[in-house]
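What follows is a set of notes on a single structure, which appears directly below.
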């Protein structure tokens with residue numbers, strides 16, 4: 001599975017707002033500095049998150065962004081869908097029809113069931129983790145998720 005840079009950086013920016021939001025708006029420049037990103041890129045990501053009602057903007061010299069609802073009520077799935085759309089949708093197969101107008105496997109496709117299952121499993125996992133959970137740290141998130149198979153652990157260990 002690959003996440004887009006917009007999903008990764010957008011989620012990281014949202015997490016910074018959650019961490020820094022102590023009742024006053026968090027300036028884009030603070031988020032950009034902490035994440036090592038340009039203020040223009042952070043502004044773009046925050047605009048997307050605002051359009052999906054995950055953050056609210058506050059104008060003025062002391063302006064910035066605040067979470068639209070408590071960190072306990074915003075899931076990673078909410079953020080990923082806002083930043084890049086659904087993980088799997090019914091149009092996926094039609095978008096991969098090759099040179100044909102429609103997929104040659106449109107009536108009896110074993111892959112469609114697989115991708116639908118993977119998308120659903122991923123959505124369930126991401127919907128079970130909130131920004132508040134992420135703020136608790138990696139070990140908390142690791143304990144909140146089902147254990148990974150041993151072969152997967154070898155691949156993700158830094």
Just one of the numbered conditions (1) outside any helix (DSSP H, G or I); (2) in contact with a strand residue (DSSP E or B) (Cβ under 9 Å, 6 or more places away or on another chain); (3) under 11 Å from residue 83 (Cα atoms) is not true of residue 49; which one? (1)
Looking at region 107-139, which of its residues are assigned to a helix (DSSP H, G or I), touching a helix residue (DSSP H, G or I) at 6+ places or on another chain (Cβ under 7 Å) and at pLDDT 85 or above? 123, 126, 127, 131, 132, 133, 134, 135
Identify, please: which residue in region 65-93 is over 17 Å from the mean Cα position of the chain (by Cα) and modelled with pLDDT under 95 and is, among those, nearest to residue 5 (Cα to Cα)? 92
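The values are calculated or read from the model by the stated rules, or taken from the named source; none is laboratory data. Source: prediction; values computed, not measured. Glycine gets a Cβ as well: all are built from the backbone with ideal geometry, and neighbour counts include every protein chain shown.
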